[in-house]
1. Quickly run through segment 299-335 and pick out the residues that are surrounded by fewer than 16 Cβ atoms within 10 Å (Cβ to Cβ) and over 30 Å from Ala191 (Cβ atoms).
2. Answer yes or no as to whether His288 is part of a loop (DSSP other than H, G, I, E, B) and either touching a residue at least 60 places away in the same chain (Cβ under 8 Å) or in contact with a His (Cβ under 7 Å, 6 or more places away or on another chain) (or both).
3. Those residues that are part of a loop (DSSP other than H, G, I, E, B), of a type in the set (S, T, N, Q) and either surrounded by fewer than 18 Cβ atoms within 10 Å (Cβ to Cβ) or modelled with pLDDT of 95 or more (or both), I need them from segment 182-223; list them, please.
4. Among the candidates His71, His112, His158, His92, which residue alone is part of a loop (DSSP other than H, G, I, E, B), modelled with pLDDT under 90 and either of a type in the set (Val, Ile, Thr) or touching a helix residue (DSSP H, G or I) at 6+ places or on another chain (Cβ under 7 Å) (or both)?
5. Provide a single number: the residues in segment 245-275 that are more than 17 Å from Gly365 (Cα to Cα) and either in contact (Cβ under 8 Å) with a residue 40 or more places away in the chain or part of a helix (DSSP H, G or I) (or both).
6. Would you check which residues across segment 298-334 are assigned to a strand (DSSP E or B) and either touching a helix residue (DSSP H, G or I) at 6+ places or on another chain (Cβ under 7 Å) or not polar (S, T, N, Q) (or both) and list them?
7. Show the residue pairs meeting these rules: Cβ distance below 6 Å; 6+ apart or different chains; first residue within segment 341-358 and in contact (Cβ under 8 Å) with a residue 12 or more places away in the chain; second residue among the aromatic types (Phe, Trp, Tyr) and in a loop (DSSP other than H, G, I, E, B).
Amino acid sequence: MQACASTIASDQTRPPPIFPASRPTPPPHPRPPDPHPRSPAHTLDSPPRARHPRLTPGLPAPHPNSLPRNHSPAHTRLPHPHRTPPPTPDTHPPPSTPRHPTSHPDSDEGEHLFLHSRPGSPDKPNEDYVAAAAGTTTQALLLDGAGGPAELPTGCHHGTPWFVAHLGEAAMTHLRTPDTDLNLALVRAIASVTRTHRAYTCDLAHPGTPSSTAALFRLRAGHIEHLVLGDSTFVADIDGEIVTVTDRRIEAVGHNLWQRMASLPTGTPAHQSARIAFVEHQRRMRNHPRGYPIASVHDQAARDALTGSHPAGQVRRLALLSDGATRFVEFGLGTFADLLDVLDSRTPWRLFDEIRAAETSDPGGERWPRAKRHDDISVVFLPGGEIGW
């Protein structure tokens, strides 16, 4: 800094240059006419056009939210209205460095729609499906596919991820018809996917044919309607009271086989062998008179689902949860009210991180016996203010 100051001082004391007085200043050359004159749309009176943001070497590109409102890059893609967008670094930072502090559930900062599904393993496809729509018809659904151990055949050429994706799309379509109740919408969705199965000559009589739980809701005529089939969960804050609906009929099947599996360390060959025996028995009892109803190839199961309704004005917030998400409560990490608080904050992904951390801390299932070390986690959350009731 001292060297720069001395240089400036020396420039200020330097005498001005002397130009010969005899040399006149030449007149400016006339400017040639513009071969491409401006159109009226580019006159000085016109409003300035939006410019692309200038990039500086060494600095990251500006966030899309910082672009001018009339700047629409051609490469920008909008998310599908019924599918879960994949997590990005901006929306899913690591738990150790949260991007935003957690807001209070009653603050406006937490008013948002949130839906996400995280697979249990990066090496296996996600067997869950979540979707939501708002506007003319406000509705959402969550499907938790039952694939089972890889050692067991299914008789299907497609697999469980294909089944839940097609069932979810068909159910969302039938839910848009206001005079169709939730049971009938799911009946028609199951029948539609079954016809597609037959077109590919899948063995629909096989006990391992893909199946799925179903949890869905719809806003109709000033009421929140819900349907639950299988061990997925509908949870709602009704004027400060937490209401949960879960179909537990599947838990009454093969209880002795489950206890034997739970007594063995998760991930060991003995545990896997016991799990195969347990799942084989579950498959034989699907949609059986002495078993449990589940969404598969028999549309009658949808008529046996648990349904209910609440006045929309009393619903403060609600969520649809897979059994991987309800591990938050089963593991004692918090109550359903705590779970809603996390989802209603600006860091809803903490729910997924805390469940994964708990699973990792108990790899053998000694503290929390379970069939799989890590399960798919899926959530659809809607605060009351988000959809206008």
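The values are calculated or read from the model by the stated rules, or taken from the named source; none is laboratory data. Please read these numbers as outputs of a predicted model, since none were measured by experiment. We place every Cβ from the backbone using ideal geometry, glycine too, and count neighbours over all the protein chains shown.
1. Answer for segment 299-335, where residues must be surrounded by fewer than 16 Cβ atoms within 10 Å (Cβ to Cβ) and over 30 Å from Ala191 (Cβ atoms): Pro311, Gly313, Glu330, Gly332, Gly334, Thr335.
2. Details: part of a loop (DSSP other than H, G, I, E, B): yes; either touching a residue at least 60 places away in the same chain (Cβ under 8 Å) or in contact with a His (Cβ under 7 Å, 6 or more places away or on another chain) (or both): no.
Criteria not met by His288.
3. Once the filter is applied, which keeps residues that are part of a loop (DSSP other than H, G, I, E, B), of a type in the set (S, T, N, Q) and either surrounded by fewer than 18 Cβ atoms within 10 Å (Cβ to Cβ) or modelled with pLDDT of 95 or more (or both), segment 182-223 yields Thr201, Thr213.
4. Values: His71 fails: either of a type in the set (Val, Ile, Thr) or touching a helix residue (DSSP H, G or I) at 6+ places or on another chain (Cβ under 7 Å) (or both); His158 fails: either of a type in the set (Val, Ile, Thr) or touching a helix residue (DSSP H, G or I) at 6+ places or on another chain (Cβ under 7 Å) (or both); His92 fails: either of a type in the set (Val, Ile, Thr) or touching a helix residue (DSSP H, G or I) at 6+ places or on another chain (Cβ under 7 Å) (or both).
Checking each option against the conditions leaves just His112.
5. 9
6. Start the filter on segment 298-334 by keeping residues that are assigned to a strand (DSSP E or B), which leaves 306-311, 315-321.
Within segment 298-334, Leu306, Thr307, Gly308, His310, Pro311, Val315, Arg316, Arg317, Leu318, Ala319, Leu320, Leu321 meet the criteria.
7. Once the first residue is in contact (Cβ under 8 Å) with a residue 12 or more places away in the chain and sits in segment 341-358, its partners that are among the aromatic types (Phe, Trp, Tyr) and in a loop (DSSP other than H, G, I, E, B) give Ala358/Phe331.
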